[in-house]
Ligand SMILES: Cc1cc2nc3c(=O)[nH]c(=O)nc-3n(C[C@H](O)[C@H](O)[C@H](O)COP(=O)(O)OP(=O)(O)OC[C@H]3O[C@@H](n4cnc5c(N)ncnc54)[C@H](O)[C@@H]3O)c2cc1C
Ligand SMILES: NC(=O)c1ccc[n+]([C@@H]2O[C@H](COP(=O)([O-])OP(=O)(O)OC[C@H]3O[C@@H](n4cnc5c(N)ncnc54)[C@H](OP(=O)(O)O)[C@@H]3O)[C@@H](O)[C@H]2O)c1
C-alpha cells in the first residue's frame, strides 16, 4: 500500500456519485472524509472504504443548509486531513437535490430549499473551505454540475438554474483562488444511475456510478474548468444549445 | 471514528422511490413486471418494506437464480445491489460482516490477497451474499465444507413490520434455519457475519481427467473424496456405453500465488439465434471438449477464479440460448439411488435431444442447515436446456424420476417444480411455513416461485 498523500473530502458523501468517487479515490490510495447529514450511514461507507482499500476513512457531520456551521466544519476537516499525515485536502462537491419542476411549482418552500442547498449551501461551504485550501498551498475542487444547467428545459429549469448558478460561482471561485494553487473542475454531468434518477423514466446515455466516477477521477487529475461527463454529452449539448428557440420550445424536453 | 459534533438536523425519513421494472431470472424465460426500490442506505430497506400498501414483496440480489426465485410479477421487489458495503473484518477469526449486496467477486478481490476465500463459492462470483444465503449455496468443496449457511455466524433479518432481528444458531434458531435457504420468504437479510476460508495462496493446482462413463464417474468421485475441491463436467449428449462420460476436475490450494489474470472479460452482446445451438453443433462441441483433455490427464496451476468461476469470463453467456431463454434442471439423488437415477435422467434427456453444453456432476457430503436447503448426501446433476415448446413436459418427467429415486430439485435453478413435488422433496416444508407464519403473519414476502409452489 503506497503512503497516503492526499485526502478527498466528499461533501454529500452519502450520494451515489459521492460514494462511487470515494471508492475510486480510495482505490488510488487517497484518504477519504465523507461529509453529510446521515452520519450512521456515512460511517458504514467509511468502514467499507477502510476494509476494501486499507486507507483512512472517516465520517463528518455536515449540513449544507446550516450555513453558520460551515466555518467550524472547514476547520474540523483541515484537522482531520492533517491527522492523515499530509496537508493535501481536495474536495468533491457532490450533494444536491432535484425535486421535479412540478413539485417546485406546487411548493415554493421546496423550490427554495433546492436553491438554498444547491447554490447557497454549495457557495457557502466552498467559501468556508477556501482558506484551508489556500493555507495548504492549493488543492483540487471538483463539483457536480449538470448538463441541465446549460439550457433551461421545461421539465427541470429550476434545477438547471441552480446548476447554472453553481457554474458561474465556480468560475469566479477558480479565478479568485487560482493564484493560490486552487484548481477547479466543474463536471457537466449527464444522467447517472443514482438514487436521484432512480424514480425517473429511463434516461438516454445513462452512466453507471462506477464508470462515471472512474472518468471523473481521470479528469480530476488533469483538467480544470468545465468538462462534460460522460464525454458523449459534449457534442449532444452542443447540438441542443444550437437548436433555435422556436424549435426548442415545441420540443417537450 | 465519527467526529463528535452536536446533531444539527434530524434527518427526515425519506420517501421511497419506486420504479417500474421488468425483472428476469438468469434463464431469461420471461420477464416479471414489478415495482422496485433500490435502497442505498439501511433505513431505506425498512421504508420500502413498510410502504408497499399491502402489495407483496421479495428481495432481489444479482438475479443469478435461473428461474423465478427472485421475481415477483405484479408485486414489489427490493433490489439489494446498492447495499454493498463491507462493515467489519476480524483477521484473527476470518469473520466478515457485510451488507447483502456484497458479491463473491468483491470478497475475493479484497480478501484473497489477504489469504481468504468465501467459504462455499458458487459457480459464479457475481452472486450476492444475501442471495447466496437465501439459496444456501454450495461450492465445489461441498463434500468438505458444507453449504454457505454452515459458515454464517449471524444474520440481521428485516421483517415485514419494518423491525430487524438478529438470528443465529442460538438466537431464534428456527428463524435462522428458515432464512438460510429460505428463498427470501422470511424477510430481507440486511447484514450477515460470515466466516471466510483461510487459504495459503490465490492459486489452485487443478487436475483434470477423462472419465468414460457413469459408473466410472461415480467411483472416481468417491475415490477423490480426499480432494478439497471436485467437480465434474458431463457430456449429456453421449449415450450408450459412453453415457455419463465427462471430465473430472479436482483441485488443491497451491502453496504459491500466481499473477492475477487481466480483468477484461469478453461478453455476449446479443442473443445467439436458436439455430446455432442445434444438437449437432452441441454434440460436436462436447465431443471436442472431452477429447481435449489428454487420456492420461493433466495438471495445471491456475488462479482460483479460473477454477471456481469458469463462465464468468464470458459476460452475458446466458444469451447464448437465444431470446426464448433456457431452463436449468438440478437435482440431488441419495448415494444409493444415484447410479440408477442418474442413468434414467441422462437417458430421458438424451431421448428428448434437449441437453446442452453445461452439465455438471458433483458429489455432496453433509446436508445443508436450512429447512429448505438443497444439499443432501449423494450426487447432484445440473443441466441447461434451451426452452422449447416441450420443455415443461420434459421437466415434469425429470421431476418424476427424481422423486422416484428420493431426490430433490434445487430451487435456485428451478422454473418448473410442482407443488406436490416440493412438498415431497422438502420434508421440513411444514416447519418452514410455521416460522414464516410467525415472522410474517400477513404473508407479505412472496414471489413468483413461492406462489407457483403453493407456498403463498
Ligand atoms: C453460472 C452460475 C453458476 C452457479 N453455480 C452455482 C453453484 O455452483 N452452487 C450453487 O449453490 N448455486 C449456483 N448458482 C446459483 C446461484 O448461486 C444462486 O442462484 C444465488 O442465490 C444467486 O444469488 P443472487 O445474488 O443472484 O440472488 P438472486 O437470484 O437475485 O436471488 C436469489 C434468492 O435470494 C433471495 N434474496 C436475495 N437477496 C436477499 C436478501 N438480502 N435477503 C433475503 N433474501 C434475498 C431472493 O428473494 C431469491 O429468492 C449458479 C448460478 C449461475 C448463474
Ligand atoms: N444523478 C445524476 O444523473 C446527476 C446528473 C448531474 C448532476 N448530478 C449531481 O450530482 C450530485 C450527486 O447526485 P447523486 O445523483 O449522486 O444524488 P443522490 O444520491 O440523490 O445524493 C444526493 C445527496 O445530497 C445530499 N444532500 C441533500 N441535501 C443536503 C444538505 N442539506 N446537506 C448536505 N447534504 C445534502 C444527500 O445527503 P444525505 O446523505 O445527508 O441525505 C445525498 O447524499 C448532485 O449535486 C446532483 O445534482 C447528478
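Only one of these conditions is not met by residue B:385: (1) under 18 Å from residue B:325 (Cβ atoms); (2) in a helix (DSSP H, G or I). Which number is it?
Just one mismatch for residue B:385, condition (2).
Taking the stated definitions as given, is residue B:32 part of a strand (DSSP E or B), touching a residue at least 40 places away in the same chain (Cβ under 8 Å), more than 16 Å from ligand 2 (Cβ to nearest atom) and surrounded by fewer than 24 Cβ atoms within 10 Å (Cβ to Cβ)? Reasoning before the result, please.
Numbers: part of a strand (DSSP E or B): yes; touching a residue at least 40 places away in the same chain (Cβ under 8 Å): yes; more than 16 Å from ligand 2 (Cβ to nearest atom): yes; surrounded by fewer than 24 Cβ atoms within 10 Å (Cβ to Cβ): yes.
For residue B:32, the condition - part of a strand (DSSP E or B), touching a residue at least 40 places away in the same chain (Cβ under 8 Å), more than 16 Å from ligand 2 (Cβ to nearest atom) and surrounded by fewer than 24 Cβ atoms within 10 Å (Cβ to Cβ) - is met.
I want to confirm something. Restricting to the stretch A:15-41 and keeping residues that are within 26 Å of residue A:207 (Cβ to Cβ) and facing chain B (nearest Cβ under 7 Å), which single residue is farthest from ligand 2 (Cβ to nearest atom)?
Among them, the one singled out is A:41.
Residue B:433 versus (1) closer than 23 Å to residue B:60 by Cβ; (2) part of a helix (DSSP H, G or I); (3) in contact with a helix residue (DSSP H, G or I) (Cβ under 7 Å, 6 or more places away or on another chain): which is the lone unmet condition?
Of the numbered conditions (1) closer than 23 Å to residue B:60 by Cβ; (2) part of a helix (DSSP H, G or I); (3) in contact with a helix residue (DSSP H, G or I) (Cβ under 7 Å, 6 or more places away or on another chain), the odd one out for residue B:433 is (3).
Six or more apart or on different chains, Cβ atoms under 6 Å: show the pairs whose first residue is in the stretch B:50-71 and within 14 Å of chain A (Cβ to nearest Cβ) and whose second is within 16 Å of ligand 2 (Cβ to nearest atom).
Going by the 6 Å Cβ cut-off, the qualifying pairs are B:51/B:16.
Assess whether residue B:251 counts as being closer than 25 Å to residue B:118 by Cα, within 24 Å of the chain's Cα centre (by Cα) and either modelled with pLDDT of 80 or more or more than 14 Å from ligand 1 (Cβ to nearest atom) (or both). Quick ask: steps written out before the conclusion?
Details: closer than 25 Å to residue B:118 by Cα: yes; within 24 Å of the chain's Cα centre (by Cα): yes; either modelled with pLDDT of 80 or more or more than 14 Å from ligand 1 (Cβ to nearest atom) (or both): yes.
So residue B:251 passes the test.
Being within 25 Å of residue B:385 (Cα to Cα) and touching a helix residue (DSSP H, G or I) at 6+ places or on another chain (Cβ under 6 Å) is the filter here, so list the residues in the stretch B:237-263 that pass it. Break it down into steps so the answer makes sense when it comes.
To start, the set of residues in the stretch B:237-263 that are within 25 Å of residue B:385 (Cα to Cα) comprises B:237-249.
Within the stretch B:237-263, B:237, B:239, B:243, B:244, B:248 qualify.
At least 2 residues that are closer than 30 Å to residue B:350 by Cβ in each: list the strands (runs of 3 or more DSSP E) lying fully within the stretch B:132-242 that qualify.
Result: B:203-211, B:229-234.
Might you check whether a residue that is within 14 Å of another protein chain (Cβ to nearest Cβ) and either in a helix (DSSP H, G or I) or more than 15 Å from the chain's Cα centre (by Cα) (or both) occurs anywhere in the stretch A:214-229?
Scanning the stretch A:214-229, I find at least one residue that is within 14 Å of another protein chain (Cβ to nearest Cβ) and either in a helix (DSSP H, G or I) or more than 15 Å from the chain's Cα centre (by Cα) (or both), so the answer is yes.
I'm trying to understand the selection: among the residues of the stretch A:55-65, which are over 11 Å from residue A:14 (Cβ atoms), touching a strand residue (DSSP E or B) at 6+ places or on another chain (Cβ under 7 Å) and within 7 Å of chain B (Cβ to nearest Cβ)?
Matches in the stretch A:55-65: A:58, A:60.
Here is a list: A:44, A:52. Which entry is facing chain B (nearest Cβ under 7 Å), within 16 Å of ligand 1 (Cβ to nearest atom) and in contact with a helix residue (DSSP H, G or I) (Cβ under 8 Å, 6 or more places away or on another chain)?
On the way: A:52 fails: within 16 Å of ligand 1 (Cβ to nearest atom).
Of the residues listed, the single one that is facing chain B (nearest Cβ under 7 Å), within 16 Å of ligand 1 (Cβ to nearest atom) and in contact with a helix residue (DSSP H, G or I) (Cβ under 8 Å, 6 or more places away or on another chain) is A:44.
Picking from B:244, B:226, which residue would you name as being away from ligand 2 (no atom under 16 Å from the Cβ) and on the phi > 0 side of the Ramachandran plot?
B:244
In the set B:162, B:139, B:149, B:187, which member is surrounded by fewer than 23 Cβ atoms within 10 Å (Cβ to Cβ) and away from ligand 2 (no atom under 16 Å from the Cβ)?
Just a single option satisfies the conditions, and that option is B:162.
Could you tell me whether any residue of the stretch B:83-97 is away from every other protein chain (no Cβ under 14 Å), surrounded by fewer than 21 Cβ atoms within 10 Å (Cβ to Cβ) and outside any helix (DSSP H, G or I)?
Yes; the residues of the stretch B:83-97 include at least one that is away from every other protein chain (no Cβ under 14 Å), surrounded by fewer than 21 Cβ atoms within 10 Å (Cβ to Cβ) and outside any helix (DSSP H, G or I).
Got at least one residue in the stretch A:79-101 being away from ligand 2 (no atom under 11 Å from the Cβ), in contact (Cβ under 8 Å) with a residue 24 or more places away in the chain, at the interface with chain B (Cβ under 9 Å from one of its Cβ atoms) and over 29 Å from residue A:161 (Cβ atoms)?
yes
Among the residues in the stretch B:42-55, are any in a loop (DSSP other than H, G, I, E, B) and either surrounded by 22 or more Cβ atoms within 10 Å (Cβ to Cβ) or modelled with pLDDT of 95 or more (or both)?
no
In the list A:115, A:119, A:55, which residue meets the criterion of being in contact (Cβ under 8 Å) with a residue 24 or more places away in the chain and not in a helix (DSSP H, G or I)?
Details: A:115 fails: not in a helix (DSSP H, G or I); A:119 fails: not in a helix (DSSP H, G or I).
Checking each option against the conditions leaves just A:55.
Across the stretch B:326-368, which residue is nearest to ligand 1 (Cβ to nearest atom) among those that are in contact with a strand residue (DSSP E or B) (Cβ under 8 Å, 6 or more places away or on another chain), closer than 18 Å to residue B:282 by Cα and in a loop (DSSP other than H, G, I, E, B)?
Checking each candidate, the answer is B:358.
The values are calculated or read from the model by the stated rules, or taken from the named source; none is laboratory data. No experiment lies behind these values; they were computed from the predicted model shown. Here Cβ is always computed from backbone atoms with ideal geometry, including for glycine, and neighbour counts include all displayed protein chains.
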